[in-house]
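Participant: Take a look at this one; I'll ask things after.
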Amino acid sequence: MKNVDDLIESAAELAARGLSKGEIADELNVSRETASWLVERSGTTPQTTEQPSQRPDNGGSGPQDIHVDWSAIGRDSKRMSDVASAMADMLAKHGEDVDLTIGIEKAGGPIATLVARELETDLGTYTPAKHQWEEGDIEELGGTFSRNFAGIRDRECYIVDDTITSGTTMRETIEAIRAEGGKPLACVVLADKQGLEELEGVPVYSLLQVISVGKDE
């Protein structure tokens, strides 16, 4: 079982490999704030002064977050296929005419590939802005759809990712699809840390809802 020290070590290794803090957040399935905190605690980068809104006040122990490790699924193709089948089943009720599944890179891409196979749809991928994020305002950055996969072309589609941490990346993807003329009908993830039922008017499904229960001190 990973503890905070393990995550700090993992963040240091990823930073040493040249990954941005946004990519580290994606690899560790944590929020941007948590990724920054882990990297800074590792000593890989100098401590920076952040705005109060960027780092929750919880007594200096770091951001409140939950780490989701689904590597036991990810490293086995049969398990991945079985999980993707369950995710596809949750989406299927939204219509037989949907012919496009969008995976959010990086981790959502392989899952979306298997979901698309189950649903017999085309496959597209979206790389969110957080993959470019290092410091400063992420709102100034933009995500991209890969030209190596299917385009939106005003089609209805599903969105697939591994986890929802804050909902920011899923919201960004929904908006990007709509900007291309597409219509996202539903989203599905392995784990949802927010317990969302919908986002921007789009239903959200998850195999697991991770809820932190506690009280303020």
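Participant: Can you pull out the residues in the range 27-42 that are at pLDDT 75 or above and out of contact with any Asp or Glu (no Cβ under 8 Å at 6 or more places or on another chain)?
Facilitator: Correct list: GLU27, LEU28, ALA35, TRP37, LEU38, VAL39, GLU40, ARG41.
Participant: Sticking with this one: State which residue is farthest from ALA129 (Cα to Cα) when the search covers only the range 18-36 and only residues that are β-branched (Val, Ile, Thr) and touching a residue at least 24 places away in the same chain (Cβ under 8 Å).
Facilitator: Residue satisfying both the conditions and the ranking: THR34.
Participant: I need the full set of residues from the range 162-183 which are open to solvent by 10 Å² or more (accessible area, probe 1.4 Å) and over 13 Å from PHE145 (Cβ atoms), in order please.
Facilitator: Of everything in the range 162-183, those that are open to solvent by 10 Å² or more (accessible area, probe 1.4 Å) and over 13 Å from PHE145 (Cβ atoms) turn out to be THR163, THR165, SER166, THR168, THR169, ARG171, LYS183.
Participant: Still on this structure: For the range 72-82, which residues satisfy the criterion of being part of a helix (DSSP H, G or I) and open to solvent by 30 Å² or more (accessible area, probe 1.4 Å)?
Facilitator: ALA72, ILE73, GLY74, SER77, LYS78, ARG79, SER81, ASP82 - these are the residues of the range 72-82 that are part of a helix (DSSP H, G or I) and open to solvent by 30 Å² or more (accessible area, probe 1.4 Å).
Participant: Further question: Criterion first (open to solvent by 20 Å² or more (accessible area, probe 1.4 Å), modelled with pLDDT under 95 and under 24 Å from TRP37 (Cβ atoms)) does THR144 satisfy it? Working first, answer last.
Facilitator: On the way: open to solvent by 20 Å² or more (accessible area, probe 1.4 Å): yes; modelled with pLDDT under 95: yes; under 24 Å from TRP37 (Cβ atoms): no.
Considered against the rule, which asks whether it is open to solvent by 20 Å² or more (accessible area, probe 1.4 Å), modelled with pLDDT under 95 and under 24 Å from TRP37 (Cβ atoms), THR144 comes out as no.
Participant: With the structure loaded, tell me whether ALA191 is under 19 Å from ALA88 (Cβ atoms) and either of a type outside the set (Lys, Arg) or open to solvent by 30 Å² or more (accessible area, probe 1.4 Å) (or both) or whether it fails that test.
Facilitator: On the way: under 19 Å from ALA88 (Cβ atoms): yes; either of a type outside the set (Lys, Arg) or open to solvent by 30 Å² or more (accessible area, probe 1.4 Å) (or both): yes.
Yes; evaluated as a whole, the condition is true for this residue.
Participant: Sticking with this structure for a sec: List the number of the failed condition for LEU100; all other conditions in (1) farther than 23 Å from VAL83 by Cα; (2) at pLDDT 95 or above hold.
Facilitator: If we test LEU100 against (1) farther than 23 Å from VAL83 by Cα; (2) at pLDDT 95 or above, just (1) comes out false.
The values are calculated or read from the model by the stated rules, or taken from the named source; none is laboratory data. Quantities reported herein were computed from a predicted structural model and do not represent experimental measurements. FYI the Cβ positions are ideal-geometry reconstructions off the backbone, even for glycines, and counts take in every protein chain you see. Note: areas computed on protein heavy atoms with side chains; ligands, DNA, RNA excluded. Shrake-Rupley method; radii C 1.70, N 1.55, O 1.52, S 1.80 Å.
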